[in-house]
Amino acid sequence: MILNDAGKMVEKWWYELNSEFPNIQLDAHIIMPDHFHGIIIITGADLCVCPNINDNDNYNSRCEHTGSPLYKIVQWFKTMTTNDYIRNVKTNNWKPFNKKLWQRNYYEHIIRNEFELNKIRKYIQNNLLNWRKDRNYKI
């Protein structure tokens, strides 16, 4: 697929994620005409930070990984791409979007092993091949 200017803009902000969030690694991604898939690896995600623990406590609270949570990463990505798109509507006559550029939420999946990672990478790579079967496909 050859990206149009809007697709190139989305890809630019995808790669900027590394600058804004140094605790992540970007993996496979695909920009489709009406959606986006990408794998973000949060480094240090297996580390727990559990404050106020000492040997005498029965600490029963949840731990959280270090670094930026995924929702903040996705929020930043959506904000930057939306703002950039709006700028281009005003300055480069891009087609305005109706109400919002992105859907309100996003789908996430925790990848737990190498087999799953490779399966999802293959799904992302094949997404383009399956586009002709999509209900939103137009020639």
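Numbers at a glance
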quantity: Cross-chain or 6+ apart pairs with Cβ under 7 Å, segment 95-108 first and closer than 22 Å to Y71 by Cβ and of a type in the set (S, T, Y), then at pLDDT 90 or above and surrounded by 10 or more Cβ atoms within 10 Å (Cβ to Cβ); calculated: Y106/V74
quantity: Count of segment 50-96 residues which are among the polar types (S, T, N, Q), part of a loop (DSSP other than H, G, I, E, B) and either in contact with a helix residue (DSSP H, G or I) (Cβ under 8 Å, 6 or more places away or on another chain) or at pLDDT 55 or above (or both); calculated: 3
quantity: Identity of the residue in segment 101-137, surrounded by 10 or more Cβ atoms within 10 Å (Cβ to Cβ) and aromatic (F, W, Y), that ends up modelled with the lowest pLDDT; calculated: Y137
quantity: Selection within segment 89-109 - of a type in the set (F, W, Y) and under 15 Å from A6 (Cα atoms); calculated: W94, F97, W102
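The values are calculated or read from the model by the stated rules, or taken from the named source; none is laboratory data. Quantities reported herein were computed from a predicted structural model and do not represent experimental measurements. Using ideal geometry, Cβ is built from the backbone for each residue, glycine included, and neighbour counts are taken over all protein chains shown.
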